[in-house]
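Every number in this text was worked out from the coordinates using simple rules, so none of it is lab data. Because the structure is a prediction, the values reported are computed rather than measured. Positions of Cβ are backbone-derived with ideal geometry, glycine not excepted, and every protein chain shown enters the neighbour counts.
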Amino acid sequence: MTTRLSTFPKTQLVIVTEAVLEKPLLREARERGAQAWTVCDVRGAWHEGERSGDWEAERSIELKLVCDAAVAESLAEHVLATYARNYSVAISLSTVSVLRPERF
Amino acid sequence: MIDVVVFFFLLGVFARVVKSDLRLPEALYETLSIYLLLAIGLKGGIELSKQPLAALAPQVLACMALGFVIPFVLFPLMRSLKLSGADAAALAAHYGSVSVVTFAVATAALARQGIEHESHAALWVAVMEAPGLVAGILLARWSREGGSRARWGELAHDVLFGKSVLLLLGGLAIGAIAGESGTAPIKAVFIDPFKGVLALFLLELGLVAGGRLGEVRRFGPAVLVVGLGVPPLLALAGAAVGLALGLSTGGVALLATLAASASYIAAPTAMRIAVPEANAALSITAALGITFPFNIVIGIPIYIALAQRLTA
């Protein structure tokens, strides 16, 4: 290959949690400057047990955000401090390469 | 004699107990619930168009007061069962609020027995959903264990514009404005197939409730005491309010049923946000795993018999 794509590092924050938190989480992400995210319905099991998603009140979501490292860390800290005690929450951070950094 | 729709519920429970792979697609479940709420609202609305609205004010206020008071009465009882303040408040809120499907099964049972009831009763359901939830949040705050971060504006929005109240009130409004002749063209979809759709929805509820049976053991006797003991007591309170309002036999039975029913759609979501410290599985096990089956299989026939005796 002669040409190479220019890529830029960003942080991908993945939060798997209860569906009722979708609205507050998105609001708090926006407040911290996040611009791009996707949300999926998921089923799964973790420390607190299985969340089968059989019932409306028992649905789980996977919220995936790509943003600056500082934004991701600030949101992750906030989620840990605010929600982790009473809600099922799993958080992971990873570095990803994006092509158009201004979009994140 | 058990109403035919109840058999579908039992089939769902059976399917879950024997670990069948039966699972209704989520989109179908959503569609059925939207249909039921709209159809119940429409049916009530058509009747609403035939009477002066002012005459209904005492009924609306009494229903709301009943829903609001129930959690305050249940809270000490639940605390005496050694539940934490947050758990007791959240669970009490589920019983203050109502179950639309329990109501639908009760109306089907009344129709089958040829017992008249106020056809605008859907209005009672719509106004009884929220007060119990508000009471539960207040209780959680006062017990100083939770609810301190309740965002009232957001909660009000979610309850008033959540799908159940929106569709019930929307259906009532459409039915009231369009009246009998206006709704005639959509009758074949919204009125006639109602019971068949209810049967299908009950199959799904049976699957979910059946999955909850295992949880009953986890929470021990407290959840059984609440799930089986509370509904008959609340039914008496509902019947008393119905009598005081001068309702028909069917109306008294419906209000008793509504009082005895526990919410398992609006309440779990509202309580999860407003009282995060409460154990959500405990409330849903009591409301959907125990109280709902109890009401539709055993409770409703008893409440109807009670209403017949009281209004005889």
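With 0.36 nm allotted per residue and the present C-alpha distance subtracted, the B:Ala244-B:Trp152 stretch has 29.9 nm of extension available.
Dipole magnitude for the stretch B:43-190: about 320 debye, using +1 per Lys or Arg Cβ and -1 per Asp or Glu Cβ, origin at the Cα centre. Averaged over peptide B:115-123, the number of partner chain Cβ atoms lying within 10 Å of each residue's Cβ comes to 0. In percent, rounded to a whole number, the relative contact order of chain B is 32, using alpha-carbon pairs under 8 Å and six or more apart.
With springs only between Cα atoms under 10 Å apart, run a GNM on chain B and tell me which of B:Tyr95, B:Tyr264, B:Tyr35 wobbles the most. Evaluated over chain B, the most mobile residue of the options is B:Tyr35.
Judged by the mean number of other Cβ atoms found within 10 Å, the most tightly packed of the peptides A:81-92, B:5-16 leads the ranking B:5-16, A:81-92. The GluC sites (Glu not before Pro) of the stretch A:1-92 that meet both conditions, a loop assignment by DSSP and at most 15 other Cβ atoms within 10 Å of the site Cβ, are A:Glu48. Measuring r between the beta carbons of A:Leu80 and A:Val42 and using R0 = 25 Å, the FRET efficiency lands at 0.80.
Between 0 and 90 degrees, the angle of helix A:22-31 with respect to the longest Cα principal axis of chain A falls at about 40 degrees.
When only the Cβ of Lys, Arg, Asp and Glu is charged (+1, +1, -1, -1), the dipole of the stretch B:151-265 relative to its Cα centre reaches about 260 debye.
With bins 10 Å wide beginning at 0, the percent of Cα pairs of chain B falling in each bin runs 7, 28, 37, 23, 5, 0. Mean separation of Cα pairs under 8 Å and 6 or more residues apart, divided by the residue count, gives the stretch A:11-98 a relative contact order of 47 percent. Counting neighbouring Cβ atoms within 10 Å and putting the fewest first, the residues B:Phe201, A:Phe104, B:Phe161 line up as B:Phe161, A:Phe104, B:Phe201. For the peptide B:259-268, the mean number of other protein chain Cβ atoms found within 10 angstrom of a residue's Cβ is 1.
Give me the distance between the Cα centres of the stretch A:8-83 and the stretch B:58-92, rounded to whole Å. Taking the Cα centre of the stretch B:58-92 as reference, the centre of the stretch A:8-83 is 33 Å away.
For the pair B:Glu26 and A:Glu31, label points projected 7 Å from Cα toward Cβ lie 2.7 nm apart. Its Cα centre serving as origin, the stretch B:170-225 has a Cβ charge dipole (Lys and Arg +1, Asp and Glu -1) of approximately 280 debye. Mind running the shape call on chain A? Use the C-alpha gyration tensor, a ≥ b ≥ c as the square roots of the eigenvalues: rounded below 1.5 for a/c, prolate if a/b tops b/c, oblate otherwise. Because a/c hits 1.5 or more and a/b exceeds b/c, chain A counts as prolate. For chain B, complete DSSP H runs whose alpha carbons reach 30 Å or more along their own long axis and whose mean Kyte-Doolittle score is 1.0 or higher are B:26-48, B:57-80, B:122-142. Mind checking which lysines have their C-alpha under 25 Å from B:Lys50, skipping anything on the same chain fewer than 8 residues away? Of all the lysines, those that pass the test against B:Lys50 - Cα under 25 Å, at least 8 places apart if same chain - are B:Lys187, B:Lys195. The residue among B:Ser97, B:Pro58, B:Ile40 whose Cα reaches farthest toward the positive pole of the charge dipole of the stretch B:36-151, with charges on the beta-carbon of Lys, Arg, Asp and Glu, is B:Ser97.
Placing R0 at 56 angstrom, the Cβ-Cβ distance between B:Ile298 and A:Arg103 gives a FRET efficiency of 0.40 after rounding to 0.05. Taking the stretch B:47-87 and a reference point 7 angstrom along Cα→Cβ of B:Ala111, no backbone N atom is nearer than 12 Å.
Taking the longest Cα principal axis of chain A as reference, the axis of helix A:69-82 is set at about 10 degrees.
Take the Cβ atoms of B:Ser80 and B:Lys187, set R0 to 51 Å, and the FRET efficiency comes out at 0.55. The overall shape of the stretch B:172-312, judged from the alpha-carbon gyration tensor, is oblate: a/c is not under 1.5, and a/b is no greater than b/c.
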